[in-house]
1. Take the residue pairs LYS6/LYS71; LYS20/LYS59; LYS39/LYS59; LYS6/LYS114 and return only those whose Cα atoms are more than 22 Å apart.
2. Which of the listed residues, SER62, TYR147, CYS132, is farthest toward the dipole's positive end in the chain, when Lys, Arg count +1 and Asp, Glu count -1 at the beta-carbon?
3. Counting only residues 5 or more places away or on other chains, whose amide H sits under 5 Å from the amide H of ALA124 once H atoms are built in the peptide plane?
4. Run the dipole for the chain about the Cα centre, Lys and Arg Cβ at +1, Asp and Glu Cβ at -1, nothing else charged, and hand back the magnitude in debye, nearest 20.
5. Considering only Cα-Cα distances, which of the following residue pairs are longer than 26 Å: LYS118/LYS176; LYS14/LYS118; LYS27/LYS118; LYS26/LYS135; LYS10/LYS135?
6. Could you tell me which trypsin sites (Lys or Arg not before Pro) in the stretch 97-179 are loop residues by DSSP with no more than 13 other beta carbons within 10 angstrom of their beta carbon?
7. Show the residues, 5+ positions off or on another chain, whose built amide H is closer than 5 Å to the amide H of LEU7.
8. I need the helices of the chain that pass two filters: whole DSSP H segments spanning 24 Å or more by Cα along the axis, and mean Kyte-Doolittle score no lower than -1.0.
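The values are calculated or read from the model by the stated rules, or taken from the named source; none is laboratory data. No experiment lies behind these values; they were computed from the predicted model shown. Every residue, glycine as well, gets a Cβ built from its backbone with ideal geometry; the counts of neighbours run over all protein chains shown. To get the accessible areas, we keep the full protein, side chains included, count just its heavy atoms, and leave off ligands, DNA and RNA. Shrake-Rupley method; radii C 1.70, N 1.55, O 1.52, S 1.80 Å.
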Amino acid sequence: MTEPWKLHDKTFVKYMSERKIQAGVKKLAARLNLEYQGKKPLFVVVLNGSFIFASDLLKRISIDCEIAFVKVSSYKGVNSTGKIEEVIGLDIPVEGRHVVLVEDIVDSGLTIVKLIDKIKALKAFDVKVAACLLKPEAYKMDYPIDYVCFRIPNDFVVGYGLDYDGLGRNSADIYKISE
Ligand code: 5GP
């Protein structure tokens, strides 16, 4: 993308290169391959934003695993609304399974904690989170986010699957808002 990248009314500048992202994803996959060896984990990909991260991460998972997809949405524009819509699409039984939620970004944590509670209620053996990005300053929940590629400041980012009102998902690099 040419810089600065203009999406709707906002301007974005490059924040993290494809090369750096891929190195982080590779490292996380290696960790998951070790820690979930013999556990046949169920990776639950949280759509839409996680589609590129999940694809890159799961291609590097070499142990036996299953993959499912869910959809949930709490974001409109550049601020979290705090309102969480229903979780849809979980069509694989999770009872007794080692579940790993694959999430693009954890901000306030409202979305992921709601999902964790739901999957726990379905009697999963355990539930962990693998996130590409975590905003530690924004994260308000007690639940530990076990697997994170990158911790980032509290800026709004796009690219690598993440959008700003529908635009910006189609970039291999991550951009941040410039104000
Ligand atoms: P939370 O519930 O943790 O506040 O927000 C989680 C969801 O909000 C993410 O799955 C993502 O869709 C969206 N989100 C949070 N921060 C950002 C950001 O910086 N950029 C974009 N594009 N989406 C974000």
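1. Values: LYS6/LYS71 27 Å; LYS20/LYS59 17 Å; LYS39/LYS59 18 Å; LYS6/LYS114 33 Å.
Beyond 22 Å between Cα atoms: LYS6/LYS71; LYS6/LYS114.
2. SER62
3. GLY96
4. It comes to approximately 360 debye.
5. Values: LYS118/LYS176 31 Å; LYS14/LYS118 36 Å; LYS27/LYS118 29 Å; LYS26/LYS135 20 Å; LYS10/LYS135 21 Å.
Violating the 26 Å Cα-Cα cut-off are LYS118/LYS176; LYS14/LYS118; LYS27/LYS118.
6. Details: sites: ARG97, LYS114, LYS118, LYS120, LYS123, LYS128, LYS140, ARG151, ARG169, LYS176; in loops: ARG97, LYS123, LYS140, ARG169.
Those satisfying the criteria are LYS123, LYS140.
7. PHE12
8. Membrane-span-like by this rule: 18-35.
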